[in-house]
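Structure first, commentary second.
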Amino acid sequence: MTAVLLDTHAWAWSLVGDARLPARALAAMNQADRVLVSPISFFEIARKVRLGKWPEMAPFIDRLPSLLQEQGGAVASLSPATCLLAGMMDWPHRDPFDRLLAATAQQDNLALISADMVFDGIVTRLW
């Protein structure tokens, strides 16, 4: 069974059919048995919408859980162990959202679909 974890932007782009999501990433999503989104992605989107930093996502905010379900995706677990790993990871990157995504990918041995090269060397990144 293969599973992939989507970075927040990858999930958002998949919702709107954004051309920035490359064919390789789409293929990995379509071929995976499970496509997961971290609970932290819901928080990140909501926070950025509230702050006016991601107005394109505002129309989706109330439907995000159901949209994920309609896509056939699932919510990844976010356990205390994952949070501790994110906090203790020997990685200079300070973004808490990215740290939690990386820890989730490490903990559950998942490839991360992300455009962000900051994950290279920390997790398996597909793009």
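Some notes on this structure:
- Criterion violated by Ile113 - all others in (1) over 18 Å from Trp13 (Cβ atoms); (2) touching a residue at least 40 places away in the same chain (Cβ under 8 Å); (3) buried (at least 17 other Cβ atoms within 10 Å of the Cβ); (4) not acidic (Asp, Glu) satisfied: (1)
- Criterion: touching an Asp or Glu at 6+ places or on another chain (Cβ under 9 Å), touching a residue at least 40 places away in the same chain (Cβ under 8 Å) and closer than 13 Å to Thr8 by Cα - qualifying residue of Leu36, Leu68: Leu36
- For the range 78-127, the set of residues classified as part of a loop (DSSP other than H, G, I, E, B) and farther than 20 Å from Arg34 by Cα consists of Met89, Asp90, Trp91, Pro92, His93, Arg94, Asp95, Asp116, Gly121, Ile122, listed by residue number.
- Restricting the range 1-37 to residues that are exposed (fewer than 14 other Cβ atoms within 10 Å of the Cβ) and either in contact with a Gly (Cβ under 9 Å, 6 or more places away or on another chain) or in a helix (DSSP H, G or I) (or both), the residue that is modelled with the lowest pLDDT: Val16
- If you go through the range 38-77 and keep only what is surrounded by fewer than 17 Cβ atoms within 10 Å (Cβ to Cβ), part of a loop (DSSP other than H, G, I, E, B) and of a type in the set (A, V, I, L, M, F, W, C), you end up with just Leu51.
- Residue in the range 84-98 that is closer than 21 Å to Ala28 by Cα and surrounded by fewer than 18 Cβ atoms within 10 Å (Cβ to Cβ) present: no
The values are calculated or read from the model by the stated rules, or taken from the named source; none is laboratory data. These figures come from a predicted structure and were not determined experimentally. Every residue, glycine as well, gets a Cβ built from its backbone with ideal geometry; the counts of neighbours run over all protein chains shown.
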